[in-house]
1. Hey, any idea what the orientation-averaged projected area of the convex hull of the stretch 127-289's Cα atoms comes to, in nm²?
2. Relative to the present Cα-Cα distance, how much length would full extension add between LEU53 and HIS216 at 0.36 nm per residue of separation?
3. Can you give the FRET efficiency to the nearest 0.05 for GLU254 and ILE127, using r as the Cβ-Cβ distance and R₀ = 22 Å?
4. Equivalent ellipsoid semi-axes for the chain, as square roots of 5 times the alpha carbon gyration tensor eigenvalues: give them largest first, rounded to whole Å.
5. I'd like to compare 1-13, 308-320, 181-193: which one has the highest average count of other Cβ atoms within 10 Å, and what's the full order after that?
6. Just to be sure I understand the model, the point goes 7 Å from the Cα along the line to the Cβ. What's the resulting LYS229 to THR69 distance in nm?
7. Could you work out [θ]222 nm for the chain from helices alone, using -39500 (n - 2.57) per DSSP H run of at least four and dividing by all its residues? Round to the nearest 500 deg cm²/dmol.
8. Starting from the Cα-Cα distance between ALA86 and ARG24, subtract it from 0.36 nm times their residue separation and give me the gain in nm to one decimal.
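Bear in mind these aren't lab numbers, they're just calculated from the coordinates by the rules spelled out. Note that the structure is predicted; figures quoted are calculated from it, not measured. For neighbour counting, all protein chains shown are included, and Cβ atoms are generated from backbone atoms with ideal geometry for every residue, glycine included.
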Amino acid sequence: MALILGIESSCDETSVAIVENGERIIAEKTASQVEIHALYGGVVPEIASRHHLENISALMQMLMEESKTDPKYISAIAVTHGPGLAGPLLVGISYAKALAYSWNVPLIAVNHMLGHLNAVFLFDKTISLPCIVLMVSGAHTEIVLMESLSSYKILGRSVDDAAGESFDKVARMMGLGYPGGPEIEKIAKVGVPRYRFPKPKPAWKYDFSFSGLKTHVKYFLRDEPNVKKEDVAASFQETVAAVLVDRAVKAAEEYSIQDIVVAGGVAANSALREKAYESFEKNGIKFHFPPLKYCTDNAVMVAAAGWQNYKAGKFADLSLNAVPNLEV
């Protein structure tokens, strides 16, 4: 039995968790800063770092007390070291290194995006490998061919704005709050996707580009001041979901794959899930999503990803540093 302690602080969630053998959640604690950063319309790195510093020790104490776990039974400490915001990442990394040193346990560096991926496998045991992975978050939109839990090949990525970033920017155009994805989804539920916005077509068939779509919405709102925001939100959301699903299905068909794993914060979007189900009905290719609770940043996914490195003997030393632009 291996107990992996996970620590996540890449953006605006401070999270700690203990997971046994990459499968059973022993305990977890998370403090979100969403309401704090909503006042500024986006995450302010300096403020995020300060709140991580204020929260992490208290969360860890509550985690250890609730789980009734003695530090001597912790097998390794897994921490997100990128991608993310440099300041927030360094808070989690510094805390993880201090614990690893004082408890005399191995340290494991976890790629944040692979953490999101492991959140799906943690709860869904029906996924066949190889599979296609659709990574969709505020900073990343990628299609990945996953041949095994440790073998990845990037087939395509966003050449400009990521999907989540485009949601935030369009929400700001419409005077909605932050984060933009949930705000657009909320009003889109009472809107009608009556407008046919252009689907971006980058040069490479698996790449994404949402900057042009964002600009189109900007000028549409300027030229049509009397349109209902609910309908614009529904139309924009429908277009993004269709592009994401279409690209992923195209990759699955080319590589003769029957399973598509969707990972990242945008995986919580209901329109994306509906579009994925419609595609499954049409093409027979199944989409796999994490539970809604684990779409956002959390330490459970970090501990689950850390378990994969633990089995492979992949450990970090105390010189570990943040890599804000870390790739898959």
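1. Values: hull surface 35.8 nm².
Across all orientations, the stretch 127-289 yields a mean hull projection of 9.0 nm².
2. On the way: separation 163, 0.36 × 163 = 58.68 nm, distance 4.05 nm.
Using 0.36 nm per residue and subtracting the Cα-Cα distance, I get 54.6 nm.
3. Details: r = 19 Å, r/R0 = 0.86.
Rounded to the nearest 0.05, the efficiency is 0.70.
4. On the way: eigenvalues 237, 108, 51 Å².
Equivalent ellipsoid of the chain: 34, 23, 16 Å, largest first.
5. Working: 1-13: 24.9, 308-320: 14.3, 181-193: 18.5.
Ranked by mean Cβ neighbours within 10 Å, highest first: 1-13, 181-193, 308-320.
6. Label-label distance for LYS229 and THR69, simple model: 4.3 nm.
7. Details: 10 runs with 145 residues, N = 328.
So the calculated ellipticity at 222 nm is -14500 deg cm²/dmol.
8. On the way: separation 62, 0.36 × 62 = 22.32 nm, distance 3.03 nm.
Value of the extension gain: 19.3 nm.
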